[in-house]
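Working notes, structure below.
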Amino acid sequence: MKIAFTGSSSTGKTTLAKRLMQHQEFANVVGNFITEDARSLLESFGHKSMDNMSRDELRKFQKCYLDQKIANEKSRDSFLVDRSYVDVAAYWLVRDSYDLPLIEQTDFENKCRDLAASYDLHIQFPFDQIPFISDGYRSKDLDFHRDIAMKIQYLLDKWGCKYISIESPVIEKRIDQVLLILSDYSHDRNSQQR
């Protein structure tokens, strides 16, 4: 099973992923947790913060990030990833490509859409559900993160992705919600195979 967490920065995706992987029943179903090292990639561009990058650097970063993500997920049958291709497209459309010709915007978006279809389930994390934590890497602009969250929601619906939304800011309730979804999914899948 391929599960992708989706949401803007500082919504608890990686924290929940790491906690879920400690549950044997979850780890048995998804196999591996894949996370992209965006911070190292950012540093390879000579920056510690996204806010300090030029427009060209942001576009190059996003393209490199997409290529790295494709390579890491290629030929794996089962995994959890803490950032979906929906997220990649949202950042591209909101921040990186709004001043490019439409064809360049939509080519990247369409590639992300096709790749996002490979996930069995998206789990969407709302913004403002937990306090925003500035880690020095992500943008400090909260309105920007809200715009990303809205674009992610829009793309999930536009692309017809199968998704559920996290309903609680409490980590234990988030764990329970995902484990219940996984249990229901496994039950439905077993019923279909009979």
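The values are calculated or read from the model by the stated rules, or taken from the named source; none is laboratory data. These figures come from a predicted structure and were not determined experimentally. Reconstructed Cβ throughout: ideal geometry from the backbone, glycine too, with neighbour counts over all protein chains shown. The protein model used for the area step is the full one, side chains on, heavy atoms only, and it has no ligands, DNA or RNA in it. Shrake-Rupley method; radii C 1.70, N 1.55, O 1.52, S 1.80 Å.
Annotations
- Stretchable slack from Lys18 to Ile103, in nm (0.36 nm times residue separation minus alpha-carbon distance): 26.8 nm
- Environment charge of Leu179, counting only residues whose C-beta is closer than 12 Å and scoring Lys/Arg +1, Asp/Glu -1: -1
- Our compactness index for the chain, the C-alpha radius of gyration over the empirical 2.2 N^0.38 Å, is 1.02.
- Within the accessible area of segment 1-70, the carbon and sulfur atoms contribute 46%, probe 1.4 Å, all protein chains present.
- Estimated vicinal HN-Hα couplings, Hz - segment 98-105 in sequence order (Karplus 6.51, -1.76, 1.60; Gly, Pro = x): 4, 9, 8, x, 4, 4, 5, 5
- Separation in nanometres of the label points that stand 7 Å from Cα toward Cβ, at Arg76 and Asn110: 2.8
- Pairs from Lys2/Lys74; Lys151/Lys173; Lys140/Lys173; Lys2/Lys111 whose Cα-Cα separation, in the structure shown, is over 23 Å: Lys151/Lys173; Lys140/Lys173
- The chain, helix-only ellipticity at 222 nm - DSSP H runs n ≥ 4, -39,500 (n - 2.57), divided by all residues, nearest 500: -17000 deg cm²/dmol
- For Ser165, the residues 5 or more places off, or on other chains, whose built amide H falls under 5 Å of its own are Gln124.
- Our analysis of segment 93-138 gives Rg over Rh at 1.09, with the two radii drawn from alpha carbon positions and Rh computed by the Kirkwood formula.
- Among the chymotrypsin sites (Phe, Trp or Tyr not before Pro) found in segment 85-129, those both in a DSSP coil and sparsely packed, with 12 or fewer other Cβ atoms within 10 Å of their Cβ, are Tyr98.
- On a per residue basis, the chain carries 51 Å² of accessible surface, using protein heavy atoms and a 1.4 Å probe.
- Expected-Rg normalisation [2.2 N^0.38 Å, Cα atoms] applied to segment 29-105: 1.19
- Amide H contacts of Lys2 (H built 1.01 Å from N, under 5 Å, at least 5 apart or other chain): Phe79, Asp120, Leu121
- Apportionment of accessible area to carbon and sulfur, segment 83-194, percent (1.4 Å): 52
- P(r), alpha carbons of segment 81-184 - 10 Å bins starting at zero, rounded %: 13, 42, 34, 10, 1
- Taken one residue at a time, the phi angles of segment 141-148 give Karplus couplings (6.51, -1.76, 1.60, θ = phi - 60°) of 7, 5, 5, 4, 5, 5, 4, 4 Hz. Gly and Pro are set to x.
- Projecting label points 7 angstrom from Cα along Cα→Cβ for Asp143 and Asn52 puts them 2.4 nm apart.
- Sparsely packed loop sites in segment 30-125 (the trypsin sites (Lys or Arg not before Pro) outside DSSP H, G, I, E and B with at most 13 other Cβ atoms within 10 Å) comprise Lys48, Lys74, Arg76.
- Formal net charge of residues neighbouring Ser97 (Cβ-Cβ distance under 10 Å; K, R +1; D, E -1): -2
- Averaging the sequence gap over all C-alpha pairs within less than 8 Å and six or more residues apart, then dividing by the number of residues, gives the chain a relative contact order of 34 percent.
- Under 11 Å, Cβ to Cβ, from Thr15 - net charge with Lys/Arg +1 and Asp/Glu -1: +3
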